[in-house]
Every structure is written in C-alpha cells, then in structure tokens.
Amino acid sequence: MSFEDLHEYVEYLSKKNDLIIVNDEVNPDLELTQILSEEERVGKGRAIFFKNVKGKEVPAIGNLFATKEKMEAILGDTAYNIGQRLKSLLRLPDPSESMLSRGIEMLREAGGARPKLSGSFGLGIQEMEKVDLGRYPITRTWPEDKAPFITLPMVITKNPVTGDKNIGMYRMQVYDSETTGMHWHIHKDGAGHFDEKKASGSKMMEVAVVLGADPLTMFSAVAPLPGMIDEFSFSGLIAKKRLDIVKGRSVDLEYPKNFEIVLEGYIDPSETRVEGPFGDHTGYYSLEEEFPVFHVKKILERKGRVYPTTIVGQLWHEDVIIGKTIERMFLPLIQSQVPEIVDINTMEEAVFHNMVVVSIKKRYPGHAKKIMFALWGMGQMMFSKIIVVVDNDINIHDRKQVIWAMTTRIDPQRDVVIIPGTVTDTLDHPAGLLNYGSKMGIDATRKGKSEGYNRIWPEVLKMDEQVAEEVKTKWEKMGL
C-alpha cells in the first residue's frame, strides 16, 4: 500500500497500536529526542506523537521509520523485492526482445512514475503572516549541540545549467527565526547545484524545504538513487502512482502537494556561516565548519500540520532501519553490475560505509580485489573505508563467521590492500585531510595455487549429514 500523506500513515500506525500519544508537556531541548531514544532502546520502536511541546505552537512526531515492519508498510513490499523491480526496470533487452520493444516498455514503466504537476495547492493550505521558525518543535539532541537542528528536511534544489532537480536531506542548524545553516557535504547533489550557481556569478539560489510529506517520499530523499531517476519519480515508481506536486509560490521549484510545512527561500552563494558542533551518526560531534546560509522568505502550512523529527546520533536508532532498507533494496542493482556478488552487509556497527562485507562466488585469482575496486567505483559505495571480501560459504550477517573468516583466511602481507589518496566521507574524522584519506581492502577468501598459495588449504569441519539426521530423530527420546 502507499499512504496519501503523513496523516494517513499516522492513522495506520494508530490502528496497528504502533503509536503513542503524549499529552504531557515535553521539552524540545534534549528531552524529546531522549524519549524517542528510550522507546527504541526497549525494542518497541513505536512512533510517538508529542501534542504539547514546550513553547511551541506545532506538535511533533518521531520514530516514523523505526522498525522493519514500518518500512515494509511504507514501501508496500520488502526492500529486496523493490530492488528486484528496479533491476527489472533498468535491465537490457533479452535476446528474444528488440531494443525498441524494451525501450518502449521502460518508458511505460518509468513514465508512469513521473510526478504530476497540480494547478492548485488544494484546501486547507495557509501562508503564514510572519516567518518564525520558533513556532516549530525543532530539537536539540545532544548536550554539546550548538543549537536546535532540523533533522528531517527534504531540501529541494535545481541545477542552474541542466535544470535537473534534487531532493536531499541535510541537517539545518537554526540561527534565528528566519535563517538556518545548510549542511550539505561536498559530494552531495545539493552542493553540486550550489557550486554551479556560485560559478555562474548569480547572487541567489532558490531553495524549498519540505518538513513532512507521505513517508515514502520522505524516504526517497535519503535513498542513493542512480542519476537517471529523481526522488519524486522514485517515490512514484515504488508507489505505482504518480506523485502530485505543486509549484512554489515564491520559488521556481516544485514540491509534494501533500506537504505538512514548506519553507521557501534562498541561499546567497557568497555567504557562509559557522555551523556546529552537532552530534552525528558517527557517534561523535561533527566539528564547527563553514556552510551556506538558508534565508526563509515564506512559510506555508497545511491544516492540522505536524512536524516530523528523528534522532541523529550514535547508533542504534531508526537510521539503522533506513540504512538496512537501502542495503537490501539496492543489492539487486549492485548484483546486476557485479553478478559474482552473493550478498552484501553494510555493517551498522561501522556506521554502514566504514566497513562493508561482501560474499562472492570466487572463480579466478585476484577475484576478491576486482570486487573491491568495482564497489569503490559505484556511486556512494565510494565512501566505503574498509571492504572485506569472503567466500560464499560465509554468512556475512553472522558477525562470528565474518571475524572467523577475516582471521583464518588471510595473510596480512598478501591479502590486505591499502589505497592511499582517495575520496572519503566528510564525516571520516580519522582522515588526515577533510574529504581525502585512504581505503583498505581485505581478501578473506580461501587461496589456491593460482594465487601463489602452494600449501594445502585445510577442509572446514563439518559433521556427517547422516549422523546429524539420526541425532535429530533421537533427540526427544533422549529427553533433550
């Protein structure tokens, strides 16, 4: 199923007894996110609706993506099945198909996902008389955070050269009632649009920030999409229906018609301001740094609006669920390009990109290293600091098996590869330079003579299958 808007999703959660309504006054300074954190810590992950946020006019809701069950309800299917659909959409024609017929099929599937521009905003939309970010329950999550931050914004920008649009999710520190920071890292599409605008000499870059929409479109803003598909089309493709969008009132940008709150404004490419520190998903505070400044010129709200929020900080919060959903969803696309890959585990303990474990059907010498370099050259996999490649007899989601393979199937001098001078994630704090560091690849596959291993590789211990089956039949008789 797909949800028309955030309110329909919240109603669904309520019917599933997966929603808590808090009527008591809650402080947006540390307390609100600590309540969300405790709910996840006890293993329930229920969404929490805060009706009475201290000093704020608008209610808040969090833990919208906090369980696998929630994500499957939002997607309408398992993440892996969605990935198979994406793989099918992008596949080349079979020998029995003509390029023309396959092209027509792809256009039909993808064309039906294109967003649909509506001529009106619909009923219940109000333009605020005064721009005042102070009315919203924007939270401060960690004690050393410099200020409150917007944590679930859908930031909409446009490439000034190509006209391509992007919807990204970048944290936004609130400076005052009308301005925020725009913390987009150098590798992000929004930052690319900003650089193009700056190079053109223009003094204004229009930006729209959506706070709350249907949960699938919100998820699309964080998905690492291939360049040929935008976030709104991705949402429509998964939902199997076109997303209704509207053109902004003061900006030449479109955004979802089902928004809760929209901030319309601009960024001056010549203006930056110190942002941070801020507790990040790495488990550390991101340090102070210069970032662009977003000026809010107009705010629109829908009737009954609610402000969505999340926890950004050391795992494990709902960003783990989102990360694992992305992993399962994009595995089929990765396999379509590198078919030897059996499975991938982006390790949540390693903040996903810091350590990736891959199992393969190894066929030839150097195969594991080929896989490493293929992944490093693939979209956001370029941020993977450590890639471990194991044989397909290892369950890569079992940490014990992974560590066993890493320690019993490598010779460090031969099987560890260090790649200096490579791109790193902006939040890779150990790197000697910002955005520039090194990679490590570990070939934890079994070696043979073709790779210069002239000894006999020992067999893995395994019980005789007949004995194992006989013991199963005797188990209850033995009183076990």
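Every number here is computed from the coordinates shown, using simple stated rules; none is lab data. As the structure is a computational prediction, the values presented were derived from the model and not from experiment. Every residue, glycine among them, receives a Cβ derived from its backbone with ideal geometry; neighbour counts consider all protein chains shown.
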Expressed as an acute angle from 0 to 90° and rounded to the nearest 10, what is the orientation of the C-alpha long axis of helix 31-41 relative to the principal long axis of the chain? 30
So in the chain, what percent of DSSP beta bridges are antiparallel if you round to the nearest 5? 75
So which of LYS158/LYS369; LYS158/LYS385; LYS16/LYS130; LYS361/LYS472; LYS54/LYS297 end up more than 28 Å apart, counting from Cα to Cα? LYS158/LYS369; LYS158/LYS385; LYS16/LYS130; LYS361/LYS472
Take peptides 341-349, 40-48 and line them up by average Cβ neighbours within 10 Å, highest first, as a rough protection proxy. 341-349, 40-48
Unit-weight point scatterers at every alpha-carbon of the chain, Debye formula, q = 0.07, 0.10, 0.11, 0.14 1/Å: log10 I(q)/I(0) is -0.42, -0.83, -0.99, -1.47
Rounded, prolate or oblate: which fits the range 327-471, taking a ≥ b ≥ c as square roots of the Cα gyration tensor eigenvalues, rounded meaning a/c under 1.5, else prolate when a/b beats b/c? prolate
Least to most buried among ARG414, ARG455, ARG140, by other C-beta atoms within 10 Å and fewest first, runs ARG455, ARG414, ARG140
Which ³J(HN,Hα) values in Hz, rounded to whole numbers, follow from the phi angles of the range 191-204 under the Karplus curve 6.51 cos²θ - 1.76 cosθ + 1.60, where θ = phi - 60° and Gly and Pro get x? 5, x, 4, 4, 5, 5, 5, 5, 5, 6, x, 5, 9, 8
Helix-derived [θ] at 222 nm for the chain: sum -39500 (n - 2.57) over DSSP H runs of at least 4, divide by residue count, nearest 500? -8500 deg cm²/dmol
On average over all directions, what projected area in square nanometres does the range 79-308 have, based on the convex hull of its Cα atoms? 14.5
Degrees, to the nearest 10: 367-376 long Cα axis against longest axis of the chain: 0
